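Asks: After the structure tokens below, expect a handful of questions from me.
The values are calculated or read from the model by the stated rules, or taken from the named source; none is laboratory data. It should be emphasised that the depicted structure is a prediction, and the values quoted were computed from it without experimental measurement. All Cβ positions, even for glycine, are placed from backbone atoms using ideal geometry, and neighbour counts span all protein chains on display. Side chains included, ligands, DNA and RNA excluded: accessible areas come from the protein's heavy atoms. Shrake-Rupley method; radii C 1.70, N 1.55, O 1.52, S 1.80 Å.
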Amino acid sequence: MKYNEAMRQLQQKKLSPVYLIYGEETYLAEKFLKALLKLINPQNDAEAVQYFDTASDIKAILQSLDSSPFFSERNIIIASDLKIFQDKLSDKDKRDEQQFTDYLAAMPEYSILILQYHKNKIDKRRKLFKTIDKYGVIVECETLNYWNINDWLNSRLRELNLRFDREAYAYFIEAVKSMDKISLGFLDQELVKLTLYTDEKFINRQTLEQVFSSIPEISAFRLWDSLCDRNISLALELYLIQKSAGVHPLRLLAFLVRQVRQMWQVKTYLNEGQNVKQIASALKLHPFITEKIVKQTNSFSLAKIEQTLQNLASADYKLKTGSDEPALMENILIEFCR
């Protein structure tokens, strides 16, 4: 079950005797766990919750589940990274797995078992996984990609009582699209910064840029905008900021290749007579982003764009073979602005 569906079940107060929370996105896993505990332990009674880890014995966990709660309504057991979920099991682990799966069929009504697994991916073909799925709920906390981050972003903005205007929203999504790996925990911290930075609830792009300036992807977009405005002094300044922050030239190079290639695609479609809506659909871009690229391409000839792509390809080769020359990236930026 996906995270959003599992959260909807909690909102409807639908509970299961056993939960397995797993996946690479620990931010979502922790958020679901907090929501689940708030529902089943509203008084935040510490004595109602028992914790077990990878070193814990399965028999001890099952005994705790069997024990009647004395001071609370439910017995809440949280077990993290148990050995029985590992790919390679010892003979003892296999016996523990069998005992565990047999037990799940007859769990007492007064106990809730919450399993967490943060390590390797789980083999969904195993009996263990299928048994948990049969008697409980499996919550898959996948790392989000830019194309399915909208629900999370809109939900978090509502929680923070914030709104992005059209330009800021598109700018944020485009920056996320450029990230090597999306960390919701990191993005959440940056969104919270907005509430500390300004009392405004309607966020425009300028405010977004100022608060998120430390994010390499946002800084890279500012650099790109300065290049398209042919503001070489600002572009070089932003490049030096990225360089001093430890951003590898190859990372910036990959970003520039992506932006210039998009510009080339848009320019080609424009020359074929296609409109903004058609181009946005073909390239799967936000309409605002497409409109912006269209305006940027007006300042550059197709020959200029193609030459820049060749320069970037040459720089990529030099950087990867260790034959780069001094001021390699600076020269490419200057040449693009001429």
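Asks: How much accessible area per residue does region 144-227 have, counting only protein heavy atoms and a probe of 1.4 Å, in square angstrom?
Replies: Dividing the accessible area of region 144-227 by its residue count gives 47 Å².
Asks: Using the Cα gyration tensor of region 190-338, with a ≥ b ≥ c the square roots of its eigenvalues, what is the shape: rounded (a/c below 1.5), prolate (a/b larger than b/c) or oblate (neither)?
Replies: Working: a/c = 2.06, a/b = 1.09, b/c = 1.90.
Note, shape of region 190-338 comes out oblate.
Asks: Can you give me the angle between helix 232-244 and the longest principal axis of the chain, using Cα atoms only, in degrees from 0 to 90, rounded to the nearest 10?
Replies: 30
Asks: May I pose another question? Taking every pair of alpha-carbon atoms in region 1-146, give the share separated by more than 25 Å as a whole percent.
Replies: 24
Asks: I've got another one for you. Two decimals, Cα atoms only, Kirkwood Rh: what is Rg/Rh over region 16-63?
Replies: 0.99
Asks: Computing the accessible area with a 1.4 Å probe over protein heavy atoms, can you report the carbon and sulfur percentage for region 245-311?
Replies: 53
Asks: Moving on to the next point. Pick from 246, 322, 23: which is most flexible by mean-square fluctuation in a GNM of the chain where alpha carbon atoms under 10 Å apart are linked?
Replies: In the Gaussian network model the winner is 322.
Asks: Between residue 277 and residue 317, what FRET efficiency follows from the Cβ-Cβ distance if R0 is 22 Å, with the result rounded to 0.05?
Replies: Values: r = 37 Å, r/R0 = 1.70.
Once rounded, the FRET efficiency stands at 0.05.
Asks: Determine the dipole magnitude for region 1-145: charges of +1 sit on the beta-carbon of Lys and Arg, -1 on that of Asp and Glu, nothing else is charged, the reference point is the Cα centre, and the result goes in debye to the nearest 20.
Replies: Roughly 440 debye, rounded to the nearest 20.
Asks: What is the helix-to-structure angle for 150-159, meaning the angle in degrees between its Cα long axis and the longest Cα principal axis of the chain, kept from 0 to 90 and rounded to the nearest 10?
Replies: 80
Asks: While we're here: What is the extension gain from residue 95 to residue 241, computed as 0.36 nm multiplied by their sequence separation minus the C-alpha to C-alpha distance, in nm to one decimal?
Replies: Going from the current span to full extension adds 46.8 nm.
Asks: Loop-only check: which GluC sites (Glu not before Pro) in region 105-172 are DSSP coil with at most 16 other Cβ within 10 angstrom?
Replies: Hits after loop and neighbour filter: 109, 142.
Asks: Further question: Beyond 21 Å, what share of the Cα-Cα pairs of region 240-324 remains, rounded to the nearest whole percent?
Replies: Tail of the P(r) past 21 Å holds 40 percent of the pairs.
Asks: Let me spell out the model: positive unit charges on the Cβ of Lys and Arg, negative unit charges on the Cβ of Asp and Glu, origin at the Cα centre of region 200-313. What dipole size does that give, in debye rounded to 20?
Replies: Magnitude of the dipole: close to 180 debye.
Asks: Which of rounded, prolate or oblate describes region 142-185 when judged by the alpha-carbon gyration tensor and an a/c cut-off of 1.5? Before the final figure, lay out the partial values.
Replies: Numbers: a/c = 2.23, a/b = 1.29, b/c = 1.74.
Oblate shape, in that a/c is at least 1.5 and b/c is the bigger or equal ratio.
Asks: Taking square-rooted eigenvalues a ≥ b ≥ c of the alpha carbon gyration tensor, is region 192-250 rounded, prolate or oblate, where a/c under 1.5 means rounded and, failing that, a/b exceeding b/c means prolate?
Replies: Oblate.
Asks: With everything on Cα atoms, drop me the angle between helix 302-321 and the longest principal axis of the chain, reported from 0 to 90° to the nearest 10.
Replies: For helix 302-321, the angle is close to 60 degrees.
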